[in-house]
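These notes concern the structure reproduced below.
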There are 4 protein chains.
Amino acid sequence: MNKGRLEAFSDGVLAIIITIMVLEIKVPHGQDFSALTPLFPVVLSYILSFLYLGIYWNNHHHLLHSAGKINGNILWANLHLLFWLSLVPFTTGWMGENNFAPVPVALYGIMLLMCSIAYWILQHLIINRSGHESELAHAIGKDIKGKISPFLYLAGIVLTFVNPWISGLIYVLVAFMWLLPDRRIERIYETKG
Amino acid sequence: MNKGRLEAFSDGVLAIIITIMVLEIKVPHGQDFSALTPLFPVVLSYILSFLYLGIYWNNHHHLLHSAGKINGNILWANLHLLFWLSLVPFTTGWMGENNFAPVPVALYGIMLLMCSIAYWILQHLIINRSGHESELAHAIGKDIKGKISPFLYLAGIVLTFVNPWISGLIYVLVAFMWLLPDRRIERIYETKG
Amino acid sequence: MNKGRLEAFSDGVLAIIITIMVLEIKVPHGQDFSALTPLFPVVLSYILSFLYLGIYWNNHHHLLHSAGKINGNILWANLHLLFWLSLVPFTTGWMGENNFAPVPVALYGIMLLMCSIAYWILQHLIINRSGHESELAHAIGKDIKGKISPFLYLAGIVLTFVNPWISGLIYVLVAFMWLLPDRRIERIYETKG
Amino acid sequence: MNKGRLEAFSDGVLAIIITIMVLEIKVPHGQDFSALTPLFPVVLSYILSFLYLGIYWNNHHHLLHSAGKINGNILWANLHLLFWLSLVPFTTGWMGENNFAPVPVALYGIMLLMCSIAYWILQHLIINRSGHESELAHAIGKDIKGKISPFLYLAGIVLTFVNPWISGLIYVLVAFMWLLPDRRIERIYETKG
């Protein structure tokens with residue numbers, strides 16, 4: 001199995017997802033600044049999703065770069081991750097158009113949760129194949145960020161029924177937590193050169 | 001003819017098809033969970049098509065990887081396959097929006113049938129060029145899955161007028177039959193290293 | 001200037017154009033075969049445009065493969081070609097939705113004419129840079145197909161006001177004339193190996 | 001960090017942006033030339049944005065080609081640039097549909113301004129990493145075009161409230177100023193060979 005083509009296909013899908021999202025920002029009919037006002041929550045959710053897709057692209061890139069050989073299971077775990085990521089434009093559009101109403105915000109959190117689980121499965125399969133004594137396994141180590149993110153998403157899903165802006169804040173905080181490239185894995189390259 | 005650019009172009013088209021399909025899941029106007037109910041068949045058909053496109057990408061990848069030199073006929077047989085695959089978002093959208101009504105389910109089956117025929121033609125041309133004594137020809141061997149799939153699609157097309165859910169079940173079963181990567185071709189790489 | 005990245009970018013744009021065209025085939029609201037009837041001209045024009053984009057991708061691939069160094073003029077001539085090709089989904093959609101009415105058929109011909117002129121300019125610049133004694137210049141030779149196509153498109157544009165189906169027939173014939181890969185350029189590779 | 005994958009991802013996103021823009025040119029309902037009249041400003045703004053995206057692709061290509069190693073900051077500065085560029089289809093559509101009304105023309109200018117700032121940040125980080133004595137730093141030199149563009153966009157944003165066609169003219173002039181490939185950076189390759 002050719003790792004390069006898997007990377008290229010994933011990059012292609014991610015590039016398309018991150019770009020077609022903009023089609024959910026519908027061109028308004030008015031021609032004044034006031035016509036842009038209802039777009040405010042749409043653009044806000046667009047920025048959040050853009051950040052998350054950037055984070056996934058970045059971490060996915062590091063993960064596959066460190067991966068050894070690819071097998072059928074890894075390939076399908078990767079498609080499984082792309083499936084949940086492909087729902088980002090839909091959940092983003094629904095959340096933005098409804099001005100961060102509780103249920104759309106919960107669905108956005110469910111999508112983030114499923115993406116994080118799909119990513120964890122992919123990472124798990126790649127580590128298993130590389131061996132638990134591999135550089136990658138050591139680099140990921142305890143994977144604290146990966147372990148607490150799902151619980152934070154869960155908190156966001158539940159708390160939206162108290163106030164959706166709490167959930168929004170949680171999603172933003174998790175994004176910022178991930179925004180830094182995964183220094184643990186990056187360390188490998190630096191020693192590798 | 002450069003095989004690499006043919007692979008890259010096919011991957012690009014497949015990545016776009018698999019991603020723009022999500023544009024057929026229209027953002028609903030309500031903001032409750034009930035607004036998502038009519039989307040249930042849409043999402044179901046989306047998942048099925050996502051699986052099929054994943055299978056085609058995977059098998060196409062194996063096939064071209066094993067292919068020797070490419071000629072004009074192979075190039076056009078590949079574009080012919082991409083043509084039928086490009087109709088996946090349309091047939092998926094029609095089937096989903098009409099809640100698996102008989103005629104849309106039949107059209108979906110026709111699309112699957114045409115894709116399988118187009119794939120068979122492409123495979124046939126590649127084997128012919130590689131030679132019937134080539135590793136690829138031996139690896140594909142009797143190609144039982146490839147031979148029975150069209151008949152199962154045909155059964156699905158006919159049986160939708162009895163009950164479309166029977167057809168849906170057949171399409172799902174064929175997908176699961178293919179879901180495993182083609183071990184026959186994979187064996188080549190493992191011996192090749 | 002890196003030729004590989006120019007090829008990759010052009011392939012990306014062509015892959016997207018050929019795929020988003022399918023978004024112009026709107027999912028019909030009915031659920032019977034009769035709901036598909038008004039789509040007949042839409043699908044017909046889709047097939048024609050798919051053929052033309054396949055031809056352009058194929059010939060473009062051969063042309064750039066044979067090209068030597070790329071400069072700024074070639075880069076912009078290439079973007080100029082991509083500009084006219086990017087209008088294919090629009091002209092295809094208008095022609096299909098209006099059931100091959102005279103004016104949309106004329107506009108489709110104008111688009112084909114502009115693409116052929118843009119391709120000629122690109123080819124001219126690449127030959128100029130490679131030298132008129134280069135293999136590429138010899139392979140293209142008199143370029144009869146390239147020289148008569150614009151006149152056939154012109155005939156199609158004018159004759160649509162007599163009967164648009166004459167124009168449609170001309171566009172189909174030109175496509176079939178080009179459908180064969182450009183044997184002249186292909187000959188280079190075969191001797192090159 | 002693999003520079004190749006960053007280039008490929010950026011190219012993918014740019015290829016998609018430049019192509020999905022055409023989806024903003026909605027197929028008109030009439031079938032005469034008069035049906036195309038309201039599309040005139042839409043097509044005009046499409047051409048302008050196509051030029052700008054071509055310029056960004058070209059300059060971005062030169063910049064990354066000359067870049068040394070990539071780090072996390074450069075990666076996020078690149079995503080930041082892609083974010084603003086991803087808004088091109090939206091601002092283009094709004095400007096075109098409203099026939100170059102003052103506010104949409106101002107928003108288009110704001111988008112151009114933000115793209116130029118994001119590009120400047122990316123260039124700054126790449127030069128910092130390459131060293132101020134590097135070939136790239138010398139090649140970019142005083143960067144007069146990069147320094148005056150933001151002020152010209154600012155002039156366009158303000159002057160649209162006098163007459164939006166003045167702003168349109170300014171945007172066109174800046175595009176033509178950049179249309180020539182960046183000779184300064186190109187010089188490096190020519191000496192490098």
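Applying a threshold of 32 Å to the alpha-carbon distances of A:K145/B:K3; B:K147/D:K26; A:K3/C:K69; D:K3/D:K26 flags A:K145/B:K3; B:K147/D:K26; D:K3/D:K26 as lying beyond it.
In this label model, C:N73 and B:H65 are separated by 4.4 nm, measuring between points 7 Å along each Cα→Cβ vector. Counting Cβ atoms of other protein chains within 10 Å of each Cβ in B:120-126 and taking the mean gives 0.
With a simple spin-label model that places each label point 7 Å from the Cα along the Cα-to-Cβ direction, the separation between C:V162 and A:H132 comes to 8.1 nm.
With 20 Å bins beginning at zero, the pair-distance distribution over Cα atoms of the protein assembly as shown amounts to 15, 50, 32, 2 %. Seen from a random direction on average, the alpha-carbon convex hull of segment B:38-102 projects onto 4.9 square nanometres.
What whole-number value in Å² describes the accessible area per residue of segment B:4-191 for a 1.4 Å probe?
On the way: 7290 Å² over 188 residues.
Accessible area per residue: 39 Å².
Copy-to-copy label distances for B:I144, where each label lies 7 Å from Cα along Cα-to-Cβ, are 5.4, 5.4, 7.6 nm in order of increasing length. Using the Cβ-Cβ distance between C:L36 and D:L36 with R0 set to 35 Å, the FRET efficiency works out to roughly 0.80.
Rounded to the nearest 20 Debye, what is the dipole magnitude of chain A about its Cα centre when Lys and Arg each give +1 and Asp and Glu each give -1 at the C-beta? Provide the component values of the computation, followed by the final result.
On the way: 12 positive and 11 negative charges, 99 e Å.
Charge dipole, chain A, about its Cα centre: 480 debye, nearest 20.
Projecting the Cα atoms of A:M111, A:V158, C:P150 onto the charge dipole of the protein assembly as shown, computed from C-beta unit charges around the Cα centre, puts C:P150 farthest toward the positive end. Projecting the Cα positions of A:G141, A:A77, A:L125 onto the charge dipole of segment A:75-158 (unit charges on Cβ atoms of Lys, Arg, Asp and Glu, taken about the Cα centre) puts A:G141 furthest along the positive direction.
Run the numbers on segment D:1-122 and let me know its relative contact order in percent, using alpha-carbon pairs under 8 Å that are six or more apart. Relative CO of segment D:1-122 lands at 36 percent.
Contact residues in segment C:18-45 (at least 40 Å² less accessible area with all protein chains than alone, 1.4 Å probe): C:T19, C:I20, C:V22, C:L23, C:V27, C:Q31, C:F33, C:L36. Would you list the membrane-span-like helices of chain C, meaning whole DSSP H runs whose alpha-carbon atoms span at least 24 Å along their axis and whose mean Kyte-Doolittle value is at least -1.0? Membrane-span-like by this criterion, though nothing is claimed about a membrane: C:3-20, C:40-66, C:102-130. With a cut-off of 16 Å on the backbone N, the residues of segment C:38-57 near the modelled label site 7 Å out from C:V172 along Cα-Cβ are C:40-52.
Interface size, chains A and D: roughly 3000 Å² of accessible area buried, both sides included, 1.4 Å probe, rounded to the nearest 100. With Cα atoms as the point set, segment D:1-83 shows a radius of gyration and Dmax of 17.3, 55 Å.
Listed peptides A:164-170, C:9-15, D:128-134 appear in the order C:9-15, A:164-170, D:128-134 once ranked by packing, highest mean of other Cβ atoms within 10 Å at the front. Working ranking of peptides A:117-124, D:92-99 by packing, defined as the average number of other Cβ atoms within 10 Å per residue, highest first, is D:92-99, A:117-124.
Counting protein heavy atoms only, segment B:76-166 has 71 percent of its accessible area on carbon and sulfur, 1.4 angstrom probe.
For segment B:8-58, which whole percent of the accessible surface, found with a 1.4 angstrom probe, sits on carbon and sulfur atoms? List each step's numbers first, then the result.
Details: 1220 of 1670 Å².
Answer for segment B:8-58 is 73 percent, counting heavy atoms of protein chains only.
Between A:L179 and B:K3, the simple label model (points 7 Å from Cα in the Cβ direction) yields a spacing of 4.6 nm.
The percentage of C-alpha pairs in chain D whose separation is greater than 22 Å is 50%. Segment C:8-64 and segment B:95-119 have Cα centres lying 18 Å from one another.
Rolled with a 1.4 Å probe across the full set of protein chains, the surface gives A:Y52 an accessible area near 10 Å². From helices alone, chain D scores -25500 deg cm²/dmol at 222 nm; the rule is -39500 (n - 2.57) for each run of n ≥ 4 DSSP H residues, then divide by the residue total. Between A:P104, A:P150, A:P28, the residue with the greatest mean-square fluctuation in the GNM of chain A (Cα pairs under 10 Å linked by springs) is A:P28.
The values are calculated or read from the model by the stated rules, or taken from the named source; none is laboratory data. Small disclaimer: the values here were computed from a predicted structure and weren't measured. Every residue, glycine as well, gets a Cβ built from its backbone with ideal geometry; the counts of neighbours run over all protein chains shown. Accessible surface is based on the protein model in full, side chains and every heavy atom, while ligands, DNA and RNA are left aside. Shrake-Rupley method; radii C 1.70, N 1.55, O 1.52, S 1.80 Å.
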